[in-house]
Amino acid sequence: SPLKIAVLLEYLLPLVGTHKIPSFWALRIRRIEETSRSDQIRGMEGLDGMIEKLLEIRKNKGKRIQLVESEIRNICSTAKELFLSQPNLLELEAPINVCGDIHGQYPDLLRVFEYGGFPPDSNYLFLGDYVDRGKQSVETISLLLAYKIKYPENFFLLRGNHECASINRIYGFYDECKRRFSVRLWKIFTDCFNCLPVAAVIDDKILCMHGGLSPEMESLNQIKAIERPVDVPDQGLLCDLLWADPDTEIRGWGENDRGVSYTFGPDTVAEFLKKHDLDLICRAHQVVEDGYQFFADRQLVTIFSAPNYCGEFNNAGALMCVDETLLCSFQIIKPMRAKPT
């Protein structure tokens with residue numbers, strides 16, 4: 001890979017021309033370096049072309065996006081290595097926009113960027129659930145991965161419970177990949193999803209994840225220690241981070257109606273924030289009418305960024321804008337009006 005070649009060159013090039021490396025190796029090393037650079041340039045040109053293709057729909061609303069499977073495989077492979085090169089608990093800085101579930105609603109993803117600013121004009125953290133339910137999961141995840149590769153230090157993606165083979169095998173993503181491309185592509189996406197980070201902390205004060213808290217979490221270092229690639233287990237810390245829900249009606253921990261993980265009460269949130277010197281928990285995972293909803297005296301916020309979810313809920317979507325002072329404001333994305341018949 002280009003990264004491995006670059007590391008090799010960093011070690012070898014200072015030795016060229018010395019007695020440590022024979023002169024005939026010098027030409028070979030130079031050629032490897034030139035090939036690596038040209039591959040990176042070609043790769044970036046291909047990436048820009050893919051982003052441009054994915055954004056064409058903004059100008060031509062009815063245009064069908066023609067994606068090439070080999071291009072998608074390449075961005076999955078590159079993104080996978082990039083995810084593994086960054087921590088499982090991302091340490092981010094404001095200003096940044098935080099977004100919740102998208103669920104394959106590609107036109108609404110583009111609206112998120114229209115409201116919050118297209119990369120790299122704004123920094124982004126997405127909280128997971130990019131696929132399933134909606135009609136264009138492939139376009140949705142492809143654009144997000146492409147932006148991650150192009151702006152690796154400004155654009156961040158966390159894992160949701162739908163970035164898991166056992167879930168998206170059932171709720172639409174597998175069928176979309178199989179119908180439009182191949183089962184092989186779905187498996188490649190699965191390998192990529194298994195490498196996604198699972199939580200982020202913004203300026204040491206705002207903890208972000210897809211689902212919620214876990215009774216097993218005593219220290220944030222436990223998140224850092226989760227090894228990747230990993231499938232989502234049926235229980236435990238990783239499962240809870242992706243599946244747990246807040247519940248105003250309980251204290252402590254309760255059973256989750258989803259049949260997975262737990263619910264947690266306002267007291268659990270307050271105790272956790274105090275123990276870890278945090279100000280806010282930011283999560284997604286649940287449809288909320290206004291696109292965002294506070295819980296536990298504004299100590300936790302749920303963000304959902306897919307308006308009119310599944311064409312059934314008539315909910316708004318939202319993104320949370322965190323400024324340099326950690327002041328949080330919300331951009332509301334109203335449901336698009338149905339076209340007259």
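Which pairs turn up if I take residues in region 58-69 that are on the phi > 0 side of the Ramachandran plot and outside the structural domain of GLY46 (by TED's automatic domain parsing) and look for partners that are assigned to a loop (DSSP other than H, G, I, E, B) and at pLDDT 80 or above with beta carbon separation below 6 Å, at least 6 apart in sequence or on another chain? Note: no pairs meet the criteria.
Scanning region 137-154 for residues that are of a type in the set (S, T, N, Q) and surrounded by 21 or more Cβ atoms within 10 Å (Cβ to Cβ) yields SER137, THR140, SER142. A count restricted to region 226-241 and to residues that are under 20 Å from the mean Cα position of the chain (by Cα) and either surrounded by 16 or more Cβ atoms within 10 Å (Cβ to Cβ) or touching a residue at least 24 places away in the same chain (Cβ under 8 Å) (or both) stands at 11.
For region 140-170, a tally of residues being more than 22 Å from ASP240 (Cβ to Cβ) and either in contact (Cβ under 8 Å) with a residue 12 or more places away in the chain or among the hydrophobic types (A, V, I, L, M, F, W, C) (or both) returns 15.
Yes or no, residue by residue, for (1) out of contact with any helix residue (DSSP H, G or I) (no Cβ under 9 Å at 6 or more places or on another chain); (2) of a type outside the set (Ser, Thr, Tyr); (3) closer than 19 Å to LEU47 by Cα; (4) at pLDDT below 95:
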site	(1), (2), (3), (4)
GLY116	yes, yes, no, no
PRO119	no, yes, yes, no
VAL131	no, yes, no, no
GLY134	no, yes, no, no
TYR171	yes, no, no, no
LYS178	no, yes, no, no
VAL183	no, yes, no, no
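Residues that are assigned to a loop (DSSP other than H, G, I, E, B) and either touching a residue at least 24 places away in the same chain (Cβ under 8 Å) or in contact with a Pro (Cβ under 7 Å, 6 or more places away or on another chain) (or both) within region 305-324 comprise SER305, ALA306, PRO307, ASN308, PHE313, ASN314, ASN315, ALA316, ASP323, GLU324, listed in sequence order. Output yes when any residue across region 41-48 is assigned to a loop (DSSP other than H, G, I, E, B), modelled with pLDDT of 95 or more and closer than 26 Å to CYS195 by Cα, and no when none is. Scanning region 41-48, I find no residue that is assigned to a loop (DSSP other than H, G, I, E, B), modelled with pLDDT of 95 or more and closer than 26 Å to CYS195 by Cα, so the answer is no. Determine whether region 242-259 contains at least one residue that is in contact with a Pro (Cβ under 8 Å, 6 or more places away or on another chain), surrounded by 21 or more Cβ atoms within 10 Å (Cβ to Cβ), modelled with pLDDT of 95 or more and within 19 Å of LEU90 (Cβ to Cβ). No, because not a single residue in region 242-259 is in contact with a Pro (Cβ under 8 Å, 6 or more places away or on another chain), surrounded by 21 or more Cβ atoms within 10 Å (Cβ to Cβ), modelled with pLDDT of 95 or more and within 19 Å of LEU90 (Cβ to Cβ). Based on this model, can you work out whether VAL269 counts as surrounded by 21 or more Cβ atoms within 10 Å (Cβ to Cβ) and at negative phi? Criteria met by VAL269. Look through region 84-116, keep the residues that are of a type in the set (Gly, Ala, Ser) and within 28 Å of VAL68 (Cβ to Cβ), and return whichever of them is surrounded by the most Cβ atoms within 10 Å (Cβ to Cβ). It comes out as GLY104.
The values are calculated or read from the model by the stated rules, or taken from the named source; none is laboratory data. Remember, it's a predicted structure, so these values are computed and weren't measured experimentally. No Cβ is skipped: glycine too gets one built from the backbone with ideal geometry, and neighbour counts run over all protein chains shown.
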